[in-house]
């Protein structure tokens, strides 16, 4: 099958996030014999190196990319008035909210992968935001996103999101019948090193990581430091590591009073994320908002790290039975779980293995690629039947 991926942004070498998972899916589909072309839009600040990517992936064609600045919502609005020529293909897989209007004149069978619904995302950001100006901006973004979703989503054969929770919400909010959810994939075989030693370090090492330029993640860290970390240090000998994808100066500017302790460490950058994470005893992801499946959560689970997180961090992930110990709804939940995990290597091992098994069962790359192939074939066949 000839598949055109028309995307709104990429990074290569791939970083953690939805776009890294897209490149993983593309690689897998190409290895299964499909003819793949990449095209679309790239942010001016994107780290996508087209020459390097083509060198590393000679079996994947690189089409035309246009640069843009600003955010996804502004680009989605601009694309309404921009003539977009989409090359013919058996299937055109549009990805990202920014290209929501680009498929309107596409004659090929088409699928839009939103990843997560933008109107819901902006609404949640507004609810979590304390700054009045930003709250208003997010609310305006939610309104604009909802209008665009209502106009364009029913133009596609299928609209894809990664979370079943988001799929249900999108169906209800827009009365859509064409919504599907297929999760992101994690190729566990190629993820290394994985954590295998669950004896603790001399001081318990706990890690928080995420882009602290994202407001709700910054607020999540602030909340955790104030309500959990400052309390748990009186019970456990602990080192808390923050990998925030930004400078120490930025973090100290945003939350200075909460970082003045010898057991809090800011890591600006690491060359090998997996090795750094697996050197930790526990990962904490106290997200206060967000939509979609959280790649950070799935990444930690796949690496075999005992992970504690909020309901938002685990939203859309099948967490049941023993795995539900990973979900912490209150500061007391975190404190209680950290105490238990710090004192028992068996508890750490059991939680890590339970979470890792969820990844193996639900997010295997080959299985996810097969789901996409079935959806592509279904879309292609239905389009041919409709044309007579």
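The values are calculated or read from the model by the stated rules, or taken from the named source; none is laboratory data. Nothing here was measured: the structure is a model prediction, and the numbers come from that model. All Cβ positions, glycine included, derive from the backbone under ideal geometry; neighbour counts span all protein chains shown.
Inspect all residues belonging to the range 203-219 and state whether any of them is farther than 25 Å from residue 362 by Cα, surrounded by fewer than 18 Cβ atoms within 10 Å (Cβ to Cβ), in the same structural domain as residue 358 (by TED's automatic domain parsing) and touching a strand residue (DSSP E or B) at 6+ places or on another chain (Cβ under 8 Å).
yes
Just to be sure I understand, how many residues within the range 296-314 are in contact with a helix residue (DSSP H, G or I) (Cβ under 7 Å, 6 or more places away or on another chain) and assigned to a loop (DSSP other than H, G, I, E, B)?
5
Yes/no per residue for (1) surrounded by fewer than 13 Cβ atoms within 10 Å (Cβ to Cβ); (2) under 28 Å from the mean Cα position of the chain (by Cα); (3) in a helix (DSSP H, G or I):
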residue	(1), (2), (3)
329	yes, yes, no
333	no, yes, yes
337	no, yes, yes
355	no, yes, yes
361	yes, yes, yes
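Cβ-Cβ distance below 7 Å, separation of 6 or more or different chains: which pairs start in the range 130-147 with a residue that is farther than 17 Å from residue 99 by Cα and end on one that is assigned to a helix (DSSP H, G or I)?
Sorted first by the residue in the range 130-147, then by its partner, the pairs are 134/215; 135/126; 138/122; 138/125; 138/126; 139/126.
Would you mind stating whether residue 224 is surrounded by 15 or more Cβ atoms within 10 Å (Cβ to Cβ) and either at pLDDT below 90 or assigned to a loop (DSSP other than H, G, I, E, B) (or both)? Walk me through how you get there before you give the answer.
On the way: surrounded by 15 or more Cβ atoms within 10 Å (Cβ to Cβ): yes; either at pLDDT below 90 or assigned to a loop (DSSP other than H, G, I, E, B) (or both): no.
No; evaluated as a whole, the condition is false for this residue.
Within the range 140-172, can you find the residues that are within 22 Å of the chain's Cα centre (by Cα) and farther than 21 Å from residue 80 by Cα?
Matches in the range 140-172: 161, 162, 163, 164, 165, 166, 167, 168, 169, 170, 171.
Take the residues in the range 345-355 that are in contact with a helix residue (DSSP H, G or I) (Cβ under 9 Å, 6 or more places away or on another chain) and free of Cβ contacts under 8 Å to residues at least 60 places away in the same chain, then tell me which one is nearest to residue 181 (Cα to Cα). Can you show your working first?
Here is the first cut: in the range 345-355, the residues in contact with a helix residue (DSSP H, G or I) (Cβ under 9 Å, 6 or more places away or on another chain) are 347-348, 350-352, 354-355.
Going one step further and asking which of them are free of Cβ contacts under 8 Å to residues at least 60 places away in the same chain, we end up with 347, 350-351, 354-355.
Numbers: 347: 33, 350: 29, 351: 27, 354: 23, 355: 21 Å.
Ranking the candidates gives 355 first.
Residues to consider are 77, 153, 170, 112; find the one that is more than 17 Å from residue 39 (Cα to Cα) and crowded, with 21+ Cβ neighbours inside 10 Å. Give the steps one after another, and end with the answer.
On the way: 77 fails: crowded, with 21+ Cβ neighbours inside 10 Å; 153 fails: crowded, with 21+ Cβ neighbours inside 10 Å; 112 fails: more than 17 Å from residue 39 (Cα to Cα).
Being more than 17 Å from residue 39 (Cα to Cα) and crowded, with 21+ Cβ neighbours inside 10 Å holds for just one of 77, 153, 170, 112, which is 170.
Could you pull out the residue among 94, 48 that is under 29 Å from residue 367 (Cα atoms), in contact (Cβ under 8 Å) with a residue 60 or more places away in the chain and in the same structural domain as residue 375 (by TED's automatic domain parsing)?
94
Quick one: which residue in 102, 106 is crowded, with 20+ Cβ neighbours inside 10 Å and free of Cβ contacts under 8 Å to residues at least 24 places away in the same chain?
Numbers: 102 fails: free of Cβ contacts under 8 Å to residues at least 24 places away in the same chain.
Within the list 102, 106, the selection yields 106.
Can you tell which of 42, 77 is in contact with a helix residue (DSSP H, G or I) (Cβ under 8 Å, 6 or more places away or on another chain) and in contact (Cβ under 8 Å) with a residue 24 or more places away in the chain? Spell out how you get there, then give the answer.
Details: 42 fails: in contact with a helix residue (DSSP H, G or I) (Cβ under 8 Å, 6 or more places away or on another chain).
On inspection, the qualifying residue turns out to be 77.
Have a look at 262, 324, 310 and point out the one that is without any contact (Cβ under 8 Å) to a residue 12 or more places away in the chain and within 28 Å of residue 122 (Cα to Cα).
324
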